[in-house]
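See below for the structure under consideration.
The values are calculated or read from the model by the stated rules, or taken from the named source; none is laboratory data. Because the structure is a prediction, the values reported are computed rather than measured. Backbone-built Cβ (ideal geometry, glycine too); neighbour counts: all protein chains shown.
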Amino acid sequence: MRTISAVLLTLAMIPSSYALELEGVNGVEILAINGKEVKNSFFSQKSNKLKAGEHQIVVRYSTQFNNDDIIESRPAIFSIDLQQDTKISVQQMNTQRQAEKQIKAGLTWQISSEDNQYKIDDSTTLEGKGFMPYSDIEALIVAYNQENNIALATSGTVAVAVAAATATTVASTQKGTLQSLYQQASKEEKKAFRLWLVEQDMK
């Protein structure tokens, strides 16, 4: 019974062991992570799954006020050390004038997780050219990194996919172990195990 319970607990812990969420809130859009553009829909942003560690982030503040004008900042680039689910935001701005003033002065990005909150007020803004200066955000990031001699750790986002595949393999193996243990258990052990499952569902 203890062995079966231990396997179940291990299975439950697998997803959270590999991926952390990074999300932009309060008007903050995450445009790119580790040199790769993030594809957001027009209506909503997805949360991004990343492994723990340092990641280079490109963000932009964008909001719309009552006159339907869209106020946007230039994309800002900086790195964060991701150790928990994290949100990136800016201070609440209630008027267009306030937003324009803050953007002109330079936005302060607020990084928040369960155990850590800090601000980034010295980020660099990316500057594009032409009619749609930020249409190729990845090219701007490459130029910025080359100019500043920054080498990205390319394993940052790839590792999530690798970890997910590893988790699937481990989960499959442990599922087989759990089934085998259950089949070998006595009637009393099976009954106790089923009661334990019901108790877990009720928690």
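Quick rundown of the values:
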item	result
Residue within region 43-50 that is at pLDDT below 95, more than 12 Å from the chain's Cα centre (by Cα) and surrounded by fewer than 18 Cβ atoms within 10 Å (Cβ to Cβ) present	yes
Cβ pairs under 6 Å, 6+ apart, first in region 75-92 and farther than 29 Å from Met132 by Cβ, second in a strand (DSSP E or B)	Asp81/Glu54; Leu82/Leu20; Leu82/Leu50; Leu82/His55; Asp85/Leu20; Asp85/Glu21; Thr86/Leu22
Residue check for Ile57: of a type in the set (A, V, I, L, M), in contact (Cβ under 8 Å) with a residue 60 or more places away in the chain and touching a Phe, Trp or Tyr at 6+ places or on another chain (Cβ under 8 Å)	no
Residue in region 136-145 that is small (Gly, Ala, Ser) and free of Cβ contacts under 8 Å to residues at least 40 places away in the same chain present	yes
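Here's the yes/no breakdown for (1) more than 24 Å from Leu20 (Cβ to Cβ); (2) in contact with an Asp or Glu (Cβ under 9 Å, 6 or more places away or on another chain); (3) surrounded by fewer than 13 Cβ atoms within 10 Å (Cβ to Cβ):
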residue: Val90; (1), (2), (3): no, no, no
residue: Ala105; (1), (2), (3): yes, no, yes
residue: Gly128; (1), (2), (3): yes, yes, no
residue: Met132; (1), (2), (3): yes, no, yes
residue: Leu140; (1), (2), (3): yes, yes, no
